[in-house]
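Here is the structure we will look at, set down as structure tokens.
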Amino acid sequence: MSIQFTRLALSNWRNFRSVELELQERMFVVGPNAAGKTNLLDALKFLRDVAKPKGGLATALDERVGFTHLRSLHARFNSELKVAVTVNVDGVIWEYELALNGSKTRPFRVEREVVRRGDQVLLDRPDADDSKDARRLEQTHLEQVTQNAKFRALADALASTVFVHVVPQVVKSVQMRDVLRDAPGSDFIEQLAGLPNKKQKGALRRLEKLLKFAVPQFDELRVMRDKRSGTPHLEAKYAHWRPQGSWQSEREFSDGTVRLIGLLWAILEGKAPLVLEEPELSLHEGIVQTLPQLLHSAARRHRRQMFVSTHAMNMLADPGIDPREVIVLEPTDQETVAKLGSEIPEFVSAARSGLPLSELVGARTRPYRVSQLPLPLVAEP
Ligand SMILES: Nc1ncnc2c1ncn2[C@@H]1O[C@H](COP(=O)(O)OP(=O)(O)OP(=O)(O)O)[C@@H](O)[C@H]1O
Ligand SMILES: [Mg+2]
């Protein structure tokens with residue numbers, strides 16, 4: 001299945017009052033701390049959480065501490081929260097729109113739920129049944145298999161988005177691998193261990209090939225299970241002065257190696273849209289600089305969409321990055337404004353001249369008061 005989000009529209013979503021963005025196959029989200037990068041991408045995660053098996057609107061809202069925390073504090077007279085997307089699923093254009101509202105007496109309700117397939121409206125709520133039984137507006141039709149048969153392909157596509165934020169400490173600690181909610185993708189060793197033998201070998205070989213470029217002395221990877229507990233471990237062989245080299249498990253890997261393997265695994269395997277939060281963490285800048293190319297070729301291979309939030313300007317040093325692929329978040333005292341690089345004239349002219357966007361993005365996203373930071377932080381004695 002090939003899935004591509006081509007439009008994202010938000011109203012009163014967290015620190016955004018109004019967002020309307022056209023999306024490409026590869027998107028970089030940039031902005032200063034607290035600009036809303038995580039919040040913007042959370043809109044896709046929210047739809048995933050509503051649509052996924054055992055998901056649903058109530059749980060998705062609960063996980064975000066409820067509707068009132070999600071609705072923008074900047075919301076004005078029109079206080080409706082809206083998430084809308086256009087998705088191309090195997091060449092078919094789907095539109096999904098979900099608007100919610102709530103009050104003190106009624107925590108939340110579906111204000112509107114619309115599904116379009118091309119020009120055809122397949123769902124338009126509230127409908128006559130909803131007006132007979134208002135409790136129906138506590139659920140979406142997206143989450144109900146009995147209601148979404150006509151747009152199952154859309155529901156499956158929205159549910160399939162993969163979010164990855166590999167946390168080395170979680171990967172390294174067997175106990176912590178269960179605490180995956182805030183570290184999705186950190187269970188990649190279990191995922192590798194669960195593959196049938198031949199597939200696992202293929203995956204390990206693909207990872208090895210890329211790791212050899214990035215990690216000095218790295219030689220080979222294998223998955224081993226603890227004889228007593230059955231817990232899988234990833235082991236790497238490093239070429240040392242010992243003729244046979246030596247094997248180490250993930251507990252001894254450097255944090256950067258763990259993140260890189262998790263990241264490469266997420267990029268290489270699967271075809272559903274992939275969201276990577278700050279993939280540059282713990283990685284050498286030489287590797288960070290190659291990530292856009294890697295994402296590009298992985299995206300091309302499977303026509304897989306990739307979203308990346310980043311603070312690493314050298315991630316944007318590749319002159320092949322189109323301004324339409326960059327979402328720039330600019331906080332104001334009222335709300336955060338989300339713009340495409342193609343709406344910013346300097347970005348467009350830099351790209352036309354074959355210049356990388358990194359410096360322009362850096363200048364635009366640098367907190368404007370950072371140079372006024374009072375230093376030294378502690379008064380001299
Ligand atoms: N309902 C809401 N209304 C308005 N603002 C909100 C709401 N919910 C969260 N925020 C604000 O959103 C900001 C956090 O945004 P987010 O975590 O997406 O930033 P970020 O760009 O990912 O930052 P970082 O680079 O530090 O990870 C916080 O300042 C928070 O106060
Ligand atoms: Mg963030």
Task: residue 26 long-range amide H proximity, modeled H, under 5 Å - done: 306
Task: Intensity falloff of the chain expressed as log10 I(q)/I(0), Debye formula with alpha-carbon point scatterers, at q = 0.10, 0.15 Å⁻¹ - done: -0.73, -1.38
Task: Folded to 0 to 90 degrees: helix 285-302 orientation relative to the chain principal axis, Cα - done: 60 degrees
Task: Ellipticity estimate at 222 nm from DSSP helix runs (n ≥ 4, -39,500 (n - 2.57)) divided over the chain, nearest 500 - done: -9000 deg cm²/dmol
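Taking the solvent-accessible surface of protein heavy atoms with a 1.4 Å probe, what is the per residue accessible area of the chain in Å²? Mind showing how you got there, number by number?
Numbers: 19230 Å² over 381 residues.
Counting only protein heavy atoms, the per-residue value for the chain is 50 Å².
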Task: Intensity falloff of region 131-290 expressed as log10 I(q)/I(0), Debye formula with alpha-carbon point scatterers, at q = 0.10 Å⁻¹ - done: -0.46
Task: Carbon plus sulfur fraction of accessible area for the chain, probe 1.4 Å, in percent - done: 51 percent
Task: Spatial separation of Cα centroids for region 126-189 and region 300-374, in angstrom - done: 29 Å
Task: 22 Å Cα-Cα threshold exceeded, pairs from 45/209; 45/271; 45/172; 37/339; 45/198; 172/227 - done: 45/209; 45/172; 45/198
Task: In degrees, nearest ten, helix 255-268 long axis to first principal axis of the chain (Cα) - done: 60 degrees
Task: In Hz, Karplus ³J(HN,Hα) per residue of region 156-169 (6.51, -1.76, 1.60; θ = phi - 60°; x = Gly, Pro) - done: 5, 5, 5, 6, 8, 4, 9, 10, 10, 9, 6, 10, x, 4
- [ ] Starting with the highest mean, order 128-139, 83-94 by the number of other Cβ atoms within 10 Å, averaged over the residues of each peptide.
- [x] 83-94, 128-139
Task: Rounded Å value of the spacing that divides the Cα centres of region 1-18 and region 242-272 - done: 33 Å
Open item on the list: Quick one: 3J(HN,Hα) in Hz for region 70-83, Karplus 6.51/-1.76/1.60 with θ = phi - 60°, rounded, Gly and Pro as x.
Closed with: 7, 5, 4, 5, 8, 4, 10, 4, 8, 9, 5, 9, 9, 10
TODO: Work out from phi, with θ = phi - 60° and the Karplus expression 6.51 cos²θ - 1.76 cosθ + 1.60, the ³J(HN,Hα) of each residue of region 16-30, listed in order in whole Hz, and give x for Gly and Pro.
DONE: 10, 8, 8, 10, 9, 10, 8, 10, 9, 5, 10, 10, 10, 10, 10
Open item on the list: Amide H of residue 220 versus every other amide H placed in the peptide plane: which residues, excluding those fewer than 5 positions away on the same chain, fall under 5 Å?
Closed with: 237
Open item on the list: Under the rule of at least 5 residues apart or a separate chain, name every residue whose amide H is placed under 5 Å from the amide H of residue 245.
Closed with: 240
- [ ] At a temperature of 10 °C and a viscosity of 1.306 mPa s, determine how fast region 176-255 diffuses translationally according to Stokes-Einstein, using the Kirkwood radius over alpha-carbon pairs as Rh; express D in µm²/s, rounded to the nearest whole number.
- [x] 116 µm²/s
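The values are calculated or read from the model by the stated rules, or taken from the named source; none is laboratory data. Just so it is clear, the model here is predicted, and its values are computed rather than measured. Every residue, glycine as well, gets a Cβ built from its backbone with ideal geometry; the counts of neighbours run over all protein chains shown. Each accessible area value is taken on the protein alone, full model and side chains, heavy atoms only, with ligands, DNA and RNA left out. Shrake-Rupley method; radii C 1.70, N 1.55, O 1.52, S 1.80 Å.
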